[in-house]
Amino acid sequence: MTTEDYTAYVEGAWQRLFRTAYALTGDVRTAEELLQSTLVKVYVSWRRVARADSRDAYVRRVMVNQAISGWRSRRHRDEVLTPEPRPADSAGQSFDADLAISDELWGLVQRLPPRQRAVVVLRYYEDLSEREIGSVLGISPGTVKSQASAAMTKLRAQMQHASTTTPGGHQ
Amino acid sequence: MSIDLDTRLRDSLDRHVGAVAPPRPDVGDLVRRGRRRRGRRLAGVSALTVAALAGAAMFGVGLMTGAGPRGGNVTPGGGLPISVGGATGPAVVDGPTGLFVTRSRVYLNGSSYAVKLPWDTGAHVGRLGVAYPKPGGNRPMLLERDGTAVPLAPARPALPGATYDGWVAADGNGTLVAWAEHTRQKSQIVVLDTKTRKVVGRVTLPCVEQQGFLSCPRPYVVSDGIVFLDRGGRSQAWDPATSTFVDVSQLPSQAHSKVLTTFEDRGSIDTGRIGPGWEQAHPPKGVEGILSYDGGWILDNGGNPKVVNWRDPSQTITYRPPGVVAASVFDTDGSVLVVTVTGDPAAIDPAGTTNTDLRWTGWDCRLGGGCRVVVPEQKQEIRLVAWDL
C-alpha cells in the first residue's frame, strides 16, 4: 500500500472518472460526491485495486455499483434537473431541433431507473460491449441486453410522446 | 433527415458530459477519509459480531414461537401507515403474494425456494405465479404459487435460429403470458394461457436493425386479454382472441384492470381504440410509480412508499418502515412490499457485487397492521419484482 501510488492514480484518472460519474448522475455536485465516495472506498482497498488488471475498470465497477445501489438514486431522484435554458441560436431551425432533442434525451436518460441508466451510459458513453457491461454490473450479457432493451423502449416511447406534443415535433 | 436513437444517445451523452469542466480533486482529503474508514472498519468488527449474535438470538425466538416468514413482529418503534382522506388502498386480487428475490432464493406466499429469477428486468407477476425468462437462454418459465418452476416453452424456440427475448410479460389479473422469439430478421410473438397451457396467439413481425442493435417487436405489457407490442417506437394493441391489431399512440408502461399508465405519466394513449372500458390513469403532478393490480392506485416509490388514489388524489396512504427504503411495490393482496437497507452506505465492498457492510430486510406493510418482516435482515441484497426496479 503506497499513498504515493494511490495519489498518482487519482490525479491521473480523476477527469475521466468524473465524466463517467457525471453521465451516471446528471449533476455536478452529485457526481463529485459519487466519485469522492468511490475513491475513499478504493483507498481502503487499494492493495486489491492496485493488483487488478485494469485499475480503471475496477474503480468504474465500484462507482457504477454504488450509483445504482438503491438509496442513493432514490434520495436524489427529485434532484434530477431539466436541461438549462439555452440562449437563442441563429444557426437555423434544424440545429435548434437537434439540440432540443439532445437536451430532451439527456433529461430522459437521467430519469431512467438506475440500472438501466448505468447500462445506457456504459454502452453509449463508455462504448463497452454487452459482455464488458455485464462484468461491470455483475450480471449476464443477456440481462444487459434486456436492460438495454427496456431502457431503449422507454426512451423511444418518451421521445415519441415529445415528438407528438412539441410543435413541429422531432423525427 | 431522420437520425436513429443510438446515434442521438451517443451525441447527447458526449455533448453534455463534454460541456462540464471537472472540479479539481482534493487527494489529501480522500486519503484522510480513507484512513478514517479503514480504522472504523477494523473497530467495527467486534461490534458487528455482537450484533450478529443478538440477531441470531432474536431469530431463534421467532422460530421457537412458530412464527413463519409472514408472522414476524410488527414494526418496532412506530412505522404505522398514515391514511388520509379515508384511503383504504387497493382491492385484493387473486395472485401470488409476498414476493421477494435474492440472488439465490425466491420468497413467495410465505415460503422460500431455491430458485434463481433474473436479477434485473424480465419477470412479471401473473395470476398463477411469476412469469420469467430463465437465466441462461431466457426460456419462458412460470414459478407457480407453490414454488414449482415449470417451463412454458421448449428449451429452444420453435422458430429456426431464434433466441428467446429476455422479457416475459404477464397479466397481473389474468392467466395470459407473452414473450418473443427473435431471429435477426423477425420476431415471433407467442401468447400462452398458463391455466390451459395452450398457445392462444402467435404472430410473426419483422425486426429492424440499427447500428448493430436489433429492434425487434416484443410484447411489453399484457392486460385483460390485450397484448401491447413495442414496435421500435410504435405501439400496437393486439387482441389474440380476435387477431386484431390497433395502433395506439404511445406504449403503455403498465396495465391492470383495463387501466393504463405511460412512462413518467407524461403521454396519452388512445384508450378508446383498444376497446370499451379502457382508461388511462392520470396521477396528480409529482406522483409516479407502480400501478396497483386493481388499477385504482399509484405507489410513489421514490422514498417512503406513498399510495395515492389517482381518481381521488386526496386519498393517500404513507408507509414508514424502519431503515432506508430501497424499493417498494404493490402486493396482490393490496399491501405494499418494501425492501429496506441499513448499514454504512459508504462501506460497500469495492468488488462491487457484495455489499458486505449492508443489511437488507423485506417487509410487508399493510393498512391497520404496520410493517411485518417477511425476509429477515440479511447481508444478501433483496429485490422486488416489478416492471421498473
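Assuming R0 = 35 Å, can you tell me the calculated FRET efficiency for the pair B:R15 and A:A50, based on Cβ-Cβ distance, to the nearest 0.05?
Working: r = 35 Å, r/R0 = 0.99.
The value I calculate is 0.50.
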Review point. Between B:Y220 and residues 5 or more places away or on another chain, which pairs have amide H atoms under 5 Å apart, with H built 1.01 Å from N, and which residues are they?
Key: B:F228, B:L229, B:D230
Practice item. Starting from the Cα-Cα distance between B:A114 and B:F245, subtract it from 0.36 nm times their residue separation and give me the gain in nm to one decimal. Key: 43.2 nm
Check your understanding: What nm value, rounded to one decimal, do you get for the distance between B:D6 and B:K186 when each label is placed 7 Å out toward the C-beta?
Key -> 2.3 nm
Exercise for review: Count, for each residue of B:162-169, the Cβ atoms from other chains sitting within 10 Å of its Cβ, then give me the mean as a whole number.
Suggested key: 3
Check your understanding: Modelled label-to-label distance, B:R197 and B:S83, 7 Å Cα→beta-carbon offset: nm?
Key -> 4.2 nm
Exercise for review: Tabulate in residue order the Karplus-calculated ³J(HN,Hα) for the range B:156-161, using 6.51 cos²θ - 1.76 cosθ + 1.60 with θ = phi - 60°, rounded to whole Hz; enter x for Gly and Pro.
Suggested key: 10, x, 5, 5, x, x
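Could you report the buried accessible area between B and A, both sides summed, computed with a 1.4 Å probe and given in Å² to the nearest 100?
Numbers: alone 19700 and 10610 Å², together 23400 Å².
Approximately 6900 Å² gets buried when B meets A.
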Check your understanding: Taking amide H positions as placed 1.01 Å from N in the peptide plane, with prolines and chain starts having none, which residues 5 or more places from B:L176, or on another chain, fall under 5 Å of its amide H?
Key -> B:D171, B:T194
Check your understanding: What does the average come to when, for each residue of peptide A:32-38, you count the partner chain Cβ atoms lying within 10 Å of its Cβ?
Key -> 3
Exercise for review: Using a 1.4 Å probe and ignoring any ligands, DNA or RNA, find the accessible area of A:V109 and quote it in Å² to the nearest 10.
Suggested key: 0 Å²
Check your understanding: What part of the accessible area of the range B:95-290, given as a whole %, is carbon or sulfur when the probe is 1.4 angstrom?
Key -> 48 percent
Exercise for review: Taking amide H positions as placed in the peptide plane 1.01 Å from N, state which residues far from B:W278 in sequence (5 or more) or on other chains have amide H under 5 Å from it.
Suggested key: none
Exercise for review: Straight distance only, please: which lysines reach the Cα of B:K134 with their own Cα at less than 25 Å, same-chain residues fewer than 8 apart left out?
Suggested key: A:K145, A:K154, B:K116, B:K186, B:K195, B:K198, B:K379
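Averaged over peptide A:140-148, how many Cβ atoms belonging to another chain are found within 10 Å of each residue's Cβ?
Partner Cβ neighbours, averaged per residue: 6.
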Review point. Leaving out same-chain residues fewer than 8 places away, which lysines sit with a Cα under 20 Å from that of B:K306?
Key: B:K285
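FRET efficiency for B:D312 and B:D94, Cβ-Cβ distance as r, R0 = 35 Å, nearest 0.05? List each step's numbers first, then the result.
Values: r = 25 Å, r/R0 = 0.72.
The value I calculate is 0.90.
The values are calculated or read from the model by the stated rules, or taken from the named source; none is laboratory data. A quick note: this is a predicted structure, and the numbers were derived from the prediction, not measured. We place every Cβ from the backbone using ideal geometry, glycine too, and count neighbours over all the protein chains shown. Note: accessible area is taken over every heavy atom of the protein model, side chains too, but ligands, DNA and RNA are not part of it. Shrake-Rupley method; radii C 1.70, N 1.55, O 1.52, S 1.80 Å.
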